[in-house]
1. If we scan the range B:46-56, do we find a residue that is more than 16 Å from DNA strand C (Cβ to nearest atom) and within 30 Å of A:F97 (Cβ to Cβ)?
2. Identify, from the list A:T66, A:T13, A:T59, the residue that is under 29 Å from A:G175 (Cβ atoms), part of a helix (DSSP H, G or I) and among the β-branched types (V, I, T).
3. Return the residues of the range B:27-50 that are in contact (Cβ under 8 Å) with a residue 60 or more places away in the chain and not hydrophobic (A, V, I, L, M, F, W, C); say none if nothing qualifies.
4. Mind listing just one residue for me: the one in the range B:25-43 that is surrounded by fewer than 17 Cβ atoms within 10 Å (Cβ to Cβ) and away from DNA strand C (no atom under 13 Å from the Cβ) and, of those, farthest from B:K63 (Cα to Cα)?
5. All but one of (1) crowded, with 17+ Cβ neighbours inside 10 Å; (2) facing chain A (nearest Cβ under 7 Å) hold for B:I137; which doesn't?
6. Taking the range A:1-52 as the search range and keeping residues that are within 14 Å of another protein chain (Cβ to nearest Cβ) and within 14 Å of DNA strand D (Cβ to nearest atom), which one is nearest to the chain's Cα centre (by Cα)?
There are 2 protein chains.
Amino acid sequence: MPDMSYHHGDLRTAMIEKGVEMINEQGVNALSLRKLAAACGVSHAAPYSHFSNKDELFTAIQKHITDKFVTVLSESLIGMDTLDGLQNMGCAYVMFFVHNPQYFHFTFNRMGIHIDFTEIPSGYEPFELYRNNISQILSKINYPQELWIKTILTHWAFVHGLASIAIMNGINNAGEWEERVHDLLSKSYFLGGNQCG
Amino acid sequence: MPDMSYHHGDLRTAMIEKGVEMINEQGVNALSLRKLAAACGVSHAAPYSHFSNKDELFTAIQKHITDKFVTVLSESLIGMDTLDGLQNMGCAYVMFFVHNPQYFHFTFNRMGIHIDFTEIPSGYEPFELYRNNISQILSKINYPQELWIKTILTHWAFVHGLASIAIMNGINNAGEWEERVHDLLSKSYFLGGNQCG
DNA sequence: ATTCATACTTGACAATGTAAAGATTCAATG
DNA sequence: CATTGAATCTTTACATTGTCAAGTATGAAT
């Protein structure tokens, strides 16, 4: 049996999970390697056995958050018709960040994500998931292919903007936002109608 | 004549302007008070005569950027019909951040902005400007008042999301983005038509 | 000319990221 | 079982940073 008083066991995982936790509680800027190491019960230089520097830790944390995000988005599609699925996924997109506002800043600030728009959004799994789902719908309704990029961009910008605004609006009214986003992404309003009535 | 070897003259302004410059070049996280002080030719503690701490400097910088942003948005409306003005302002909104991507992160991360959505967007001048312009249009076309908030939110989320995505897409293709946004905000597409053709 | 508030400097300290060197443990080998 | 080597952790050290305290220089008012 390994000696846990010296060897932590799985410091790498602990750092990531405690790191995610601390980011969501106090924000990215309040997270220091030393505090995090202390919270994991190890000395301040121990993390360097697992991450070559702070940025690499942050990259690992980002991956962890991204995985959670992808899971949430995927689950929002289960048992859904593609059209309802799109509405649900948009809602899940916004609510994921409403519930974890610090994730939003952390994720989209590090600029590790680079979207290539000469083709279609790529380079960040949640976006690709999103894009694929919209594509499915457009395909089903025989939407003209040359307009896909434009439509995907529109929908995605809308949802992403809503998330950003929802966070600025504060997180005290999550339920209210869920309703609002669900409403704004409803078939009749967003796909069937237009913004001017 | 004042002695400029000891007294800087206008250190407060210099700090803000050099600060803005450095943020845009290297990002917010790379900006240290000491480096900034050195760049202004003063000792590391000199800034404390003008700002009680780093956060207060950042607040001043944010105000400076916000003023520039408001100017750009206002100018985009000059001589425009309200409808074309909306298109132009949306374009200006996105392009301002495409040209200064670090401003975007800096501004929307500090969370100093809090939008109140029980009423209408307020608490941040550019948003209010934006909201007022949309309101003018809705008023002119006798748009039902109970749908204003929804419509303003939609348009604003779309534009804000576009800005966010444009930044992720990189700033190498500013011209391309200007066209794209102009197109997406065209009357026929965004107000007259809908996303599904 | 004196006084004084303002703007600046110097020196200090704690927190942080990181590097180097050494200690401890685990696993594989003989 | 004893030895060895790699992996993991600790300790020590150092540069950078934000901030404070004490002191110095300047210009304006008296």
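Bear in mind that the values in this text are calculations on the coordinates, not laboratory data. As the structure is a computational prediction, the values presented were derived from the model and not from experiment. With ideal geometry, Cβ positions are generated from the backbone for all residues, glycine too; neighbour counts draw on all protein chains shown.
1. Kept after step one, since they are more than 16 Å from DNA strand C (Cβ to nearest atom), are these residues of the range B:46-56: none.
No, there is no match, as no residue in the range B:46-56 is more than 16 Å from DNA strand C (Cβ to nearest atom) and within 30 Å of A:F97 (Cβ to Cβ).
2. Working: A:T13 fails: under 29 Å from A:G175 (Cβ atoms); A:T59 fails: under 29 Å from A:G175 (Cβ atoms).
Just a single option satisfies the conditions, and that option is A:T66.
3. Within the range B:27-50, just B:G27 meets the criteria.
4. Among them, the one singled out is B:K35.
5. Of the numbered conditions (1) crowded, with 17+ Cβ neighbours inside 10 Å; (2) facing chain A (nearest Cβ under 7 Å), the odd one out for B:I137 is (2).
6. The extreme case among them is A:N29.
Conditions tested, residue by residue: (1) within 16 Å of the chain's Cα centre (by Cα); (2) among the polar types (S, T, N, Q).
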residue: B:K140; (1), (2): no, no
residue: B:Y143; (1), (2): no, no
residue: B:W148; (1), (2): no, no
residue: B:T151; (1), (2): no, yes
residue: B:T154; (1), (2): no, yes
residue: B:A157; (1), (2): yes, no
residue: B:L162; (1), (2): yes, no
